[in-house]
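Q: Sharing a structure below in structure tokens format, with a few things to ask.
The values are calculated or read from the model by the stated rules, or taken from the named source; none is laboratory data. Because the structure is predicted, anything quoted here is derived from the model rather than measured. A quick note on method: Cβ atoms are made from the backbone with ideal geometry, for glycine too, and the neighbour counts reach across all protein chains shown. Side chains included, ligands, DNA and RNA excluded: accessible areas come from the protein's heavy atoms. Shrake-Rupley method; radii C 1.70, N 1.55, O 1.52, S 1.80 Å.
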Amino acid sequence: MDSQATPASVLQLSVFTTVKIQSVPGPAKYSNFPVWVTLEAPGAGQTARAPIDMVAAVDVSRSIHDNERLEQEKASVSLVIDLLLPGDRLAVVPFDEDVAKHAEELVDMSDQGKEKARSTVKSLTTGYGTRLSKPLERAEQILMERGDVERAAFIILLSDGGDTSILKDKEWERTDTSVLRDPKYPVRTFGFTGHNAKTMEFIATRTKGTYNAIDGAGNDIYHKFSGVVSGLLSKATFRLFSAVGLEAQLAAVHPGVSLVRIESREQRTNISDDGRSGSVRVGAMKAGETTEFTVYLDVPEGDAGMEAMEVLSIGGVYTQGWDGKRVGYRRGGVASLSYQKQ
């Protein structure tokens, strides 16, 4: 696996098309003109990150108002939102002496979901005291109540660490049902300017997480936070490309072009009654694999002075093997005839 490759939630097939000869004498009529199509799956140097769930517990206690910590936290959570991919889910849990009365839920990081999360973050205001066990308990409950608990999950805690009661065992064992008795998820703690390092480090140690001091000024704070979160996300499960149910969809571009036949090895093909479209059922493909087929076209006479004619577009759909998402593709999938200059 190439560690330098940029992870994505979708890995696109590449489409290559070639014609029998690179250019034809002129815009004349051509019958059974072959277009060779190659579909290439992303190789081992490209990976997709499996979707993750994250809960961000955000301290909005009275002390957070000092040193502009609340604005630092808001900007930091906004960076998290930017770094997450469609298919990832995020829950924002504001807290002071109790969990704030927001509808904390895991929201898919689609464009609409990101806007919802940003709106939640923007609306945060400072409250009263601090009790750090409350958001940790709520964060674990959110993750433990998921229907798909096999997804990777993370808890991040943004705070000034003002609650020292968390250092006492009884705070972790208030009741027999407290999820904090046996933490199920590591907590990545982020202490902002002037925070109590002892409490933040203790929480990280108790949950087998990590402690991060985000001190500094201006952009330095956000660069530090972004770097740590990016590193955290890079530890999520990465998957090589795999696809099932792959179908290549063909369409004539120029109004006079029609599909005559498709030659493909062991793949089901179909051409519409009017010859304007067709399909090839490829089935499954794995990382680095290629598949080829040839489409034969009847091409009409072009207009005088034409330099080229777009004759065939190639796109399609497939189901990603790592998350079951049905996606479409169309990259470089247009075949053109180039006419020689007279």
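Q: So for segment 231-248 (the condition being farther than 30 Å from E40 by Cβ, touching a strand residue (DSSP E or B) at 6+ places or on another chain (Cβ under 7 Å) and not polar (S, T, N, Q)), does at least one residue qualify?
A: Yes, that holds for at least one residue.
Q: Follow-up question, since we're still on this one. Does A284 meet the test of being of a type in the set (G, A, S), in a strand (DSSP E or B) and open to solvent by 50 Å² or more (accessible area, probe 1.4 Å)?
A: In short, yes.
Q: Hey, another quick one. Starting from segment 22-50, keep only residues that are within 16 Å of E263 (Cα to Cα) and hydroxyl-bearing (S, T, Y), then list their pairs with residues that are open to solvent by 10 Å² or more (accessible area, probe 1.4 Å) and in a strand (DSSP E or B) whose Cβ atoms are within a distance under 7 Å, requiring at least 6 positions of separation or different chains.
A: S31/D298; T38/F16; T38/T290; T38/E292
Q: Look at K341 and say whether it is open to solvent by 50 Å² or more (accessible area, probe 1.4 Å), among the basic types (K, R) and under 19 Å from Y30 (Cβ atoms).
A: Considered against the rule, which asks whether it is open to solvent by 50 Å² or more (accessible area, probe 1.4 Å), among the basic types (K, R) and under 19 Å from Y30 (Cβ atoms), K341 comes out as yes.
Q: Only one of these is assigned to a helix (DSSP H, G or I) and either out of contact with any Leu (no Cβ under 8 Å at 6 or more places or on another chain) or closer than 29 Å to L83 by Cβ (or both): E263, E201, E247. Name it.
A: After ruling out the rest, the residue left standing is E201.
Q: Considering only segment 28-58, how many residues are within 21 Å of G302 (Cα to Cα) and either touching an Asp or Glu at 6+ places or on another chain (Cβ under 9 Å) or not in a strand (DSSP E or B) (or both)?
A: Within segment 28-58, residues that are within 21 Å of G302 (Cα to Cα) and either touching an Asp or Glu at 6+ places or on another chain (Cβ under 9 Å) or not in a strand (DSSP E or B) (or both) number 7.
Q: Further question: Would you list the helices (runs of 4 or more DSSP H) that sit entirely within segment 98-182 and hold 2 or more residues that are modelled with pLDDT of 90 or more?
A: Ranges flagged: 111-122, 133-144.
Q: E73 - would you say it is among the charged types (D, E, K, R) and open to solvent by less than 10 Å² (accessible area, probe 1.4 Å)?
A: In short, yes.
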